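The values are calculated or read from the model by the stated rules, or taken from the named source; none is laboratory data. Keep in mind that what you see is a predicted model, and the values were worked out from it rather than measured. Here the Cβ positions follow ideal geometry from the backbone for every residue, glycine too, while neighbour counts run over all protein chains shown.
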Amino acid sequence: MTAPLDRPMTPEERAVFDRRRRARNWAILAALMGLVVLFFFISTARLLR
């Protein structure tokens, strides 16, 4: 990680930071939901076998 800045972020920098954080959060949510769906189908297939 980088060292913290000595100055506060400008509104433009804060907007970019928030946009990137939101995009990363959505990507993590999609990955977790994908795992949930995968585990659901694996569990269902094992029960029906």
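When 15, 45 are checked against the criterion of being free of Cβ contacts under 8 Å to residues at least 60 places away in the same chain, of a type in the set (A, V, I, L, M, F, W, C) and either on the phi > 0 side of the Ramachandran plot or surrounded by 10 or more Cβ atoms within 10 Å (Cβ to Cβ) (or both), a single residue qualifies: 15. Taking (1) at pLDDT below 95; (2) part of a helix (DSSP H, G or I) in turn, residue 15 satisfies each apart from (1).
Take the conditions (1) modelled with pLDDT of 95 or more; (2) not in a helix (DSSP H, G or I); residue 23 misses just one of them, which is (2).
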